Amino acid sequence: MTHSRSIFVALCFALLALFPLVSGSYGVDFVTKIMVFAIFALSLELLVGATGLICFGQAAFFGIGAYAAVLLSSDTDASSIAWLLPTCVAAAAGYALLVGALSLRTKGVYFIMVTLAFAQMAYYVVHDTPLGGGTDGIYLTLKPVLGSWIDLDKGNSLYGFTLACLLLVFGFLAVLNGSRFGRALAGIRVNEQRMRATGFSTYPYKLAAFTLSGGIAGLAGFLFAVKDGFVNPEMMSWHLSGAVLIMIILGGLGHLRGALIGAFAFALLQELFKSEAIFGSFAKHWHLGLGLSIIASVVLLPRGLVGLPEQIRARLLGAKQPGGTGL
């Protein structure tokens, strides 16, 4: 089964690599946006699926990475990716370290509320101060470059760079989940009390996972800011944190490929219900259609879209559905 999953993931990335050859500029831009949100979803999967920490403030790290990309960029010369990207990731990871150091001392619903509170603090900093341009947001004048090799102002270059980042993040998390650190996170997710009883100090592991998750979300924020050339406070709103949480639930918790599938499924469902050609005047109520679809998915697919093949196989052959985490 692991071999077939690896083939599926490799096929998905191969198709993404070939997509610009058969698509126009709109399709390339749309899939680039989905890949950015797939990276964002992977960052939350590390917390929720791998560690069992439900964070409702993930949008803050995403927004910090985006705002750092704009605020640190020069208006006269294109900034270098070599220093701008690591700086944006470090800014998001630094805030995640601060938030995690305080919020991880709480549990359950209190942890959720504390992470939400920190996210709202970041939201109001950029919303109510000149730093982030207020409600109007701020524009990225010149998109970053890497010498003469990469110019992110070009659609296909940005697409390829985003795909490379997605592949690196996915590979990094796959290796991480299979490492001793990843197994410790899995133990914390299943039974933290038992982990403590065996001699593990779980707090440093959770803090490290929280910080890594924030850094990956900051990477997604950097890419989003470069793609749109514009940031505003809505990037830090709790609505976005809720949306990315829905993505990983829709795809299937506990599986990296579930985050990818969930991000694509969520974006495609949005586009479907927004289509006036299909739904006519009902398209303006696309939230209703999207919500009903997600409810139906949760009811009919308790393990998410990633568990659909096993669920079909179980119904047809009576096979036992596998569990666990991984690809």
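The values are calculated or read from the model by the stated rules, or taken from the named source; none is laboratory data. Bear in mind that the values here come from a model prediction, so they are computed numbers and not experimental data. Using ideal geometry, Cβ is built from the backbone for each residue, glycine included, and neighbour counts are taken over all protein chains shown.
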Failed item in (1) surrounded by fewer than 15 Cβ atoms within 10 Å (Cβ to Cβ); (2) under 22 Å from the mean Cα position of the chain (by Cα); (3) within 30 Å of Gly187 (Cα to Cα); (4) not hydrophobic (A, V, I, L, M, F, W, C), with Thr51 passing the rest: (1)
Which of the residues spanning segment 1-31 are within 25 Å of Leu176 (Cα to Cα) and touching a residue at least 24 places away in the same chain (Cβ under 8 Å)? Met1, Thr2, Arg5, Ser6, Phe8, Val9, Cys12, Phe13, Leu16, Ala17
With the condition kept exactly as written, say whether any residue in segment 69-82 is assigned to a helix (DSSP H, G or I), more than 24 Å from Asn232 (Cβ to Cβ) and in contact (Cβ under 8 Å) with a residue 40 or more places away in the chain. yes
Would you pick out the residues in segment 31-62 that are β-branched (Val, Ile, Thr), assigned to a helix (DSSP H, G or I) and either in contact with a Pro (Cβ under 6 Å, 6 or more places away or on another chain) or closer than 20 Å to Thr106 by Cβ (or both)? Val48, Thr51
Output for Cβ contacts, cut-off 8 Å, separation at least six or different chains, first residue within 22 Å of Ile216 (Cα to Cα) and in contact (Cβ under 8 Å) with a residue 40 or more places away in the chain in segment 96-111, second part of a loop (DSSP other than H, G, I, E, B) and of a type in the set (Gly, Ala, Ser), reads Val99/Gly57
Within segment 7-41, count every residue that is more than 20 Å from the chain's Cα centre (by Cα), surrounded by 14 or more Cβ atoms within 10 Å (Cβ to Cβ) and hydroxyl-bearing (Ser, Thr, Tyr). 1
Among (1) touching a Ser or Thr at 6+ places or on another chain (Cβ under 7 Å); (2) modelled with pLDDT under 95; (3) of a type in the set (Val, Ile, Thr) - the single one Val36 does not satisfy: (2)
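Criterion first (in contact with a strand residue (DSSP E or B) (Cβ under 7 Å, 6 or more places away or on another chain), assigned to a helix (DSSP H, G or I) and either more than 25 Å from Ala225 (Cα to Cα) or of a type in the set (Val, Ile, Thr) (or both)) does Val28 satisfy it?
No.
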Scan (1) free of Cβ contacts under 8 Å to residues at least 40 places away in the same chain; (2) surrounded by fewer than 16 Cβ atoms within 10 Å (Cβ to Cβ) for the single condition Thr202 breaks and write down its number. (2)
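When you look at Gly307, is it closer than 20 Å to Leu173 by Cβ and modelled with pLDDT of 85 or more, yes or no?
Numbers: closer than 20 Å to Leu173 by Cβ: yes; modelled with pLDDT of 85 or more: no.
Against the criterion (closer than 20 Å to Leu173 by Cβ and modelled with pLDDT of 85 or more), Gly307 does not qualify.
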Where in segment 209-327 are the helices (runs of 4 or more DSSP H), entirely inside, with at least 1 residues that are among the hydrophobic types (A, V, I, L, M, F, W, C) and in contact (Cβ under 8 Å) with a residue 40 or more places away in the chain? 238-251, 256-274, 286-300
